[in-house]
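Note sheet for the following structure.
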Amino acid sequence: MCSPISIAGELIDNHIHVWAQTPAFAPLARVIESHRKELIDRLSSLMPPDSANPACLDAVRSLLIHFALEQLGAGFHLKHFVLFKEVETVQVVLEDSFGISPGHERDEILIPHQNEALRIMIQCIFRRHSKPVDAKDVTAFMQLFAGARIGVRPDQDRIMRFKSMVWLIYLAIDLIGVDPGVCLKGLEYFRNRFRELIESTLAGRIIDEDSRIPGFDGGRWEATLFGWLQGEDRKPFVLKLKRQFNLENKIEHANRFLLAEHRKCVLEQVMCLFC
């Protein structure tokens, strides 16, 4: 009987061989090849007795692709939030919300929770174990987050979907940081609270700009992304962003909008990491 270490090594080598034949997956093959020993140790400790069953192979594939993409992901920058060519609006919102680190040549936006946000992105894009990983998703992810040059034109619809997911993640993190009731009341409360805050942002209720009375919910949300997104000059951006979130589950532009499974996954992962 083969040892777990030899089985893990064979599975990793098979993935390296197969992925190396596909341009979109070749960078992932190089990553897992360079971390082969570490991955063998990790897989062999998880290997069940029946390591040839489909569920085990799915888990191996998922672990390898998540590991490789996390290694390639270089972190979040302004460009990952920019949608609809609204560079100035997005930059001001992020600077106000996250703060900046002064630099000699330019200031850097202090984007928080980058490791957690990247893990959520990867989990929620590549979570369907029952289906092969979509090479177009892999390509778009690496072009956006790792700056990979794969020799194909960027899929702008998928890139818009991924940037929309970045916004959803950070808005959800802000929400759960202010409202601990999410951790007690669960996913449905989280969904409803998110929708309520987006609508309040669009209606100009987060901050009461006409009086000194605290705004929506006692002014709890004024210093969050929801508060910084409020304003007539930013309303067109928020309307487009809401459309990208696809809260009504419209089926057109299927590769561009978030799907119900994406939103559910993001909220679940945010609760898992921040509750």
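The figures follow:
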item: Footprinting exposure proxy for 272, 265 (fewest neighbouring C-beta atoms within 10 Å first); result: 272, 265
item: Distance between modelled label sites at residue 275 and residue 17, nm, 7 Å Cα→Cβ extension; result: 4.4 nm
item: Residues with amide H under 5 Å from that of residue 100, placed H, sequence gap 5 or more; result: 110
item: Among 231, 91, 7 - extreme Cα towards positive end, dipole of the chain, charges at beta-carbon; result: 7
item: Hull-based mean projected area of the chain, where the convex hull spans the alpha carbons, in square nanometres; result: 17.2 nm²
item: Estimated FRET transfer efficiency when R0 is 51 angstrom, pair residue 107-residue 10 (beta carbons, to 0.05); result: 0.55
item: Net lengthening on full extension, residue 70/residue 96 (0.36 nm per residue, minus Cα-Cα); result: 6.6 nm
item: Tally of Lys pairs whose C-alpha atoms are under 18 Å apart, taken over the chain, 8 or more apart or cross-chain; result: 15
item: Simple spin-label estimate for residue 79 and residue 185 in nanometres, 7 Å along Cα-Cβ; result: 4.0 nm
item: Bins of 10 Å, starting at 0 and running to the largest distance - Cα pair percent for region 233-275; result: 27, 41, 29, 3
item: Full-stretch length increase - residue 116, residue 38 - with 0.36 nm per residue and alpha-carbon distance subtracted; result: 25.9 nm
item: Lys, Arg +1 and Asp, Glu -1 on Cβ, resulting dipole of the chain about Cα centre, debye, nearest 20; result: 740 debye
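Only the coordinates and a few stated rules stand behind these numbers; no lab work does. Source: prediction; values computed, not measured. Cβ: placed from backbone, ideal geometry, glycine included. Neighbour counts: every protein chain shown.
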